[in-house]
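**Student:** Dropping the structure in here first, questions after.
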Amino acid sequence: MWVETIAFFLAISILLYSLLAGADFGAGILEAFAGKDRREEQREIISHAMGPVWEANHVWLILAVVILFMGFPKAFSALSITFHIPLTLMLFGIVLRGCTFTFRHYDAVRDRSHRYYSALFVISSFLTPLMLGVVAGGALLGAAAPLEAGFYAGFVRPWANLFCFSVGVFTCVLFAFLAAVYLIGETRDPAMRGIFTRRAMIANALAILIGVTVFVTAEIDGLALARLFAARVVSVGSMISATVILLPLWIAIRKNRVQMARVLVAVQVGLVLIGWFRLQFPVIINSQIHPWTIYSAAAPEPTLRYLLYALVIGSVIIFPALIYLLKIFKLSETERA
Amino acid sequence: MTDLFAARSQMAISLGFHIIFAAIGIAMPFLMAVSHWRWLKTKEAVYLDLTKAWSKGVAIFFATGAVSGTVLSFELGLLWPKFMEYAGPISGLPFAWEGAAFFLEAIALGIFLYGWDRVHPWSHWASGVVVGISGVASGLFVICANGWMNAPAGFDWVNGEAVNIDPVAAMFNRAALQQGLHMTLAAFCATGFAVAGIHAIGLLKNPASRFHAGALHIALFIGAVAAILQPLQGDRLAKQTAVLQPAKLAAMESLFHTSKAAPLIIGGIPSEETQTLRYGIEIPGLLSFLAHGDFEAEVTGLDQFPREHWPPVAVTHVAFQIMIAIGGLLAAIGAWSLFALWKNPAWLHSRKALRLFACCAPLGFIAIEAGWTVTEVGRQPWIIYGIMQTKDAVTPMPGLVYPMMLFTGVYLLLAFVVTWLMVRQFRHVG
C-alpha cells in the first residue's frame, strides 16, 4: 500500500515534469526552427513564456530523484550506475539550459554574447530531453550487463542503441509538440499564432512517425514492445484515447480556444506517458543483472511512511502556491484575445 | 588519477561551486526585502532601483544555484551509488523537505521577479520574503543530511545492513542544528560583506551616490550582525565536534598526541610523517578550554585512532586556520561597522574604510569554502562517520576522470561568465 502510493507520487512527478518542464525544453527546441521569419519575436515570446515558471517546473525532476533515492534506493543506485553517461550528459544539458536562459534574460548589455547564450540554450534544450528519453528507453529495454562483461556491455550498450535513441527523439518531439500548442496562447498576433500552429502540426506528424519507429527499433534491439503493449489494457486504452483526443485538440486550435487547446494537449501527452507507466509497472529498471521493481527496491516501511507525510504536506503547501503562480502568469492575459 | 580521487574531486568541485550560489540564495532575498520595504514605506526611488538591481543578481545566482543543486542530487547517485543505497532510506527525509522548500522558493521567486506590476505591492514584497525563508529552510534541510554523515543516527548497523530505520531521528541528528546555524550565519556574513564590498567600490568611484550608500548600509548591517554571532556559534560547534568527531577536531588543531592542557595552535604547517607541527604559535591550555570548558581537560589526539582512519591533517588544519582567521577579522570589522552605523555612519564612507570593505568582499566566501573543506575532508576516510568509508561507496564505473573534467570545465566557464555578468550589471547601474 505504502509502496504503490509512493510510486504514484513518483509517476505524478515525472508526469508533471514532462508536461511543464518538458514544454520549456520544447520551446528551446522550437527556437532552433524559428527560421528567419520573425525569429526575434519568437524568441521574445518563448522567453516571456518560460521566465516566471521554468524554475518551478524544474523542481518536479528534483522531486522525482528524491522519491527515487529515498523510496526506491536500490533502483536509484542501479540506474545511476548503468546510465552514468547519459545522465551526466543530461545534467550537462540542464546546467547549460538553465544558465544560458537566465544569462540571456538578465545580461545588462545586448551584444554578441547573446548569440552564444542562444546557441547553447537551443543545443541543451535538445540534449536534455534526448538523454532523458534515452534513459527511460534503457530502463525498459533492460540491456544492463554485469560488471564482469566489461565497460561497453555494462555502461554503453544498455543505452547506446537504436531503441533508446528513438525514445529520446520521441521525447524531444513530444515536448516540442507541447510547447508549440502552449505557445499559441502566449501571443495575440494571428500571424505568430499561425507560426506556432504550423510548428504544432509538424511536431504532431513527427510524433506519430517516430512513435512507430520506437516500436520498430524495439524489435530490432530485441524488445517485443508491440506484444508487451498489446497485453496491457491500460496502455492500449491510453494510446487509443491519445489518438482520439487529437481531433478535439485541433478543433480547439482552429477555433482559437487557446486554454482549451492547452488542456487537451496536456491530456494527450499525459495519456502517452500513462501508457508508458503501465508498460513499465511495476519495474523501475529492467536489467540482465537484477531487475528492480517498486516492490523489490522499496525502502523499509518507516521511510516510506515519512516520505509520504512529507509529500502530502509538501503538496498542501506547493499546489496552492503553484496554482497562484500559473494563475498570475498563464491565465490572466490569454484567452481574452 | 584514480577513479576514487576523480569522484572526490568532481564532488568537491560541484559542491564548492554550488555552496557559493546557495549561500547567496539564502541571504540575498533578505537584503532585497529590506531595500524593498524601504521603497514601499518611504517611496524613495533609490530603494526601488536598488531592489531591482539586486533582484537581477539574485535571478542569475538563483538559476545557477538551482541547476548546480540538481547536478548534486544526481551526482550523489552517479558517484556514490553504494552510499545512496544505504543513506537514501535513512537520511533522505531532509532532502524530501528540501525539495518542498525549494519548490516554494522557485514559485515565490517567479512571482517576485516577474510580478512587479501583476500583484499587490505588499503581496509582492511578501513573495520576496518567502523566497528568503524557504531558502534558509532549504539550506537547513541540506545540512541535516550532511550532519547525518558526521553524526549518523536513526538506525542500527547489523552485519553491514541498516535495520530499525527511524528517518526522523536521522534527520534531527546531533550535528544538524549546530552545523545548520553555522552555515546559515556564514551565508549571511559572506553575502553581506561581499555586497558591501561591491558597493564600497561604487562609492569609491562615485562618493555622492545615494544608491551605493543605501546598499552599503543594508548589506553591512546584515553581514556585521552575522559576523559577530558566528564566532560564538563556531565555538559551540567546535565543542560538539570534540565529542562527536574527536579525530576531526584533532586534525583541525594538528593535535597528534592526546594531552591534558592542550594548547590552541595558530597557523603552522603539520607533518603527518613526523607527527609534528612547524611554525605554529601555541597558546597553552586554550584548546582544552575551548573544547571542554576547562584549561586542564584532556583532548583526544590523533594517536587514539589507527593511522588509516586519520583525515588528511594538513588540509584540514590549514583550511581551519583560514576560516578562523577570516572569521575573526570579519567579526572585528563587523563590530566596528555596527558601532559606526550607530555613532556616525560617515566613518564608513572614508576612503580607507571603503577600501577595507572592498578588500573584504571575497573573504566570507573563502571562509565558507575553507569551513566546508574542514567538515568534509575532516570526516575522511569516512563517508558515513564510523560506518562506511568513502572508497567503498564509489561507483564501479571506470574512467571517472572524464566526467570530472567535463564538470570542472563547465563550472570554470560558468564562474567566469557569472563574474563577468556581475561586472556588466555593476557598470550598467553604476
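The values are calculated or read from the model by the stated rules, or taken from the named source; none is laboratory data. The structure presented is a predicted model; accordingly, all values stated were derived computationally and were not measured. Methodologically, a virtual Cβ is constructed for each residue, glycine included, from the backbone with ideal geometry; neighbour enumeration extends over all protein chains shown. Protein only, heavy atoms only, side chains kept; ligands, DNA and RNA dropped before computing areas. Shrake-Rupley method; radii C 1.70, N 1.55, O 1.52, S 1.80 Å.
**Student:** From B:335, B:367, B:346, grab the single residue that is more than 14 Å from chain A (Cβ to nearest Cβ), part of a helix (DSSP H, G or I), on the phi < 0 side of the Ramachandran plot and surrounded by 15 or more Cβ atoms within 10 Å (Cβ to Cβ).
**Tutor:** B:367
**Student:** Got a sec? Which of A:31, A:55 is of a type outside the set (A, V, I, L, M) and away from chain B (no Cβ under 13 Å)?
**Tutor:** None of the others qualify; the one that does is A:31.
**Student:** For segment B:76-188, which fully contained helices (runs of 4 or more DSSP H) count at least 2 residues that are more than 8 Å from chain A (Cβ to nearest Cβ) and surrounded by fewer than 22 Cβ atoms within 10 Å (Cβ to Cβ)?
**Tutor:** The qualifying helices (runs of 4 or more DSSP H) are B:121-150.
**Student:** Can you find a residue in segment B:268-283 that is of a type in the set (A, V, I, L, M) and open to solvent by less than 10 Å² (accessible area, probe 1.4 Å)?
**Tutor:** no
**Student:** OK, next. Just one of (1) at the interface with chain A (Cβ under 10 Å from one of its Cβ atoms); (2) open to solvent by 50 Å² or more (accessible area, probe 1.4 Å) trips up residue B:419, so point out which.
**Tutor:** The number of the failed condition is (1).
**Student:** Of the numbered conditions (1) farther than 19 Å from residue B:411 by Cβ; (2) surrounded by fewer than 22 Cβ atoms within 10 Å (Cβ to Cβ); (3) hydroxyl-bearing (Ser, Thr, Tyr), residue B:9 fails exactly one; give the number of that condition.
**Tutor:** (1)
**Student:** Okay, moving on. Those residues that are more than 7 Å from chain B (Cβ to nearest Cβ) and small (Gly, Ala, Ser), I need them from segment A:94-115; list them, please.
**Tutor:** Matches in segment A:94-115: A:113 only.
**Student:** On to the next question. Restricting to segment B:241-257, name every residue that is of a type outside the set (A, V, I, L, M, F, W, C) and open to solvent by 40 Å² or more (accessible area, probe 1.4 Å).
**Tutor:** Correct list: B:257 only.
**Student:** Go through segment A:34-49 and count every residue that is within 12 Å of chain B (Cβ to nearest Cβ) and either out of contact with any Asp or Glu (no Cβ under 6 Å at 6 or more places or on another chain) or crowded, with 24+ Cβ neighbours inside 10 Å (or both).
**Tutor:** Residues in segment A:34-49 being within 12 Å of chain B (Cβ to nearest Cβ) and either out of contact with any Asp or Glu (no Cβ under 6 Å at 6 or more places or on another chain) or crowded, with 24+ Cβ neighbours inside 10 Å (or both): 2 in total.
**Student:** Now for a separate question. What about residue A:147, is it under 20 Å from the mean Cα position of the chain (by Cα), surrounded by fewer than 24 Cβ atoms within 10 Å (Cβ to Cβ) and at the interface with chain B (Cβ under 8 Å from one of its Cβ atoms)?
**Tutor:** Considered against the rule, which asks whether it is under 20 Å from the mean Cα position of the chain (by Cα), surrounded by fewer than 24 Cβ atoms within 10 Å (Cβ to Cβ) and at the interface with chain B (Cβ under 8 Å from one of its Cβ atoms), residue A:147 comes out as no.
**Student:** Taking the condition of being touching a Gly at 6+ places or on another chain (Cβ under 8 Å) and either crowded, with 17+ Cβ neighbours inside 10 Å or over 21 Å from residue B:385 (Cα atoms) (or both), how many residues in segment B:217-240 meet it?
**Tutor:** Looking only at that region, the number is 13.
**Student:** OK, next. For residue A:295, are the conditions met, namely being more than 10 Å from chain B (Cβ to nearest Cβ) and of a type in the set (Ser, Thr, Tyr)?
**Tutor:** When the stated conditions are applied, residue A:295 passes them.
**Student:** Kindly evaluate residue B:28 against the criterion of being under 30 Å from residue B:382 (Cβ atoms) and of a type in the set (A, V, I, L, M).
**Tutor:** So residue B:28 fails the test.
**Student:** For segment A:54-80, which positions are surrounded by fewer than 24 Cβ atoms within 10 Å (Cβ to Cβ) and either among the acidic types (Asp, Glu) or free of Cβ contacts under 8 Å to residues at least 12 places away in the same chain (or both)?
**Tutor:** A:62, A:65
**Student:** Evaluate segment A:121-131: report whether one residue or more is out of contact with any Phe, Trp or Tyr (no Cβ under 7 Å at 6 or more places or on another chain), over 27 Å from residue B:68 (Cβ atoms) and more than 7 Å from chain B (Cβ to nearest Cβ).
**Tutor:** Within segment A:121-131, not a single residue is out of contact with any Phe, Trp or Tyr (no Cβ under 7 Å at 6 or more places or on another chain), over 27 Å from residue B:68 (Cβ atoms) and more than 7 Å from chain B (Cβ to nearest Cβ).
**Student:** Further question: Using beta carbons and a limit of 6 Å, which pairs, at least six apart or on different chains, have the first residue in segment B:21-44 and open to solvent by 30 Å² or more (accessible area, probe 1.4 Å) and the second one part of a helix (DSSP H, G or I)?
**Tutor:** B:22/B:65; B:30/B:132; B:34/B:218; B:38/B:47; B:39/B:47; B:39/B:48; B:39/B:51
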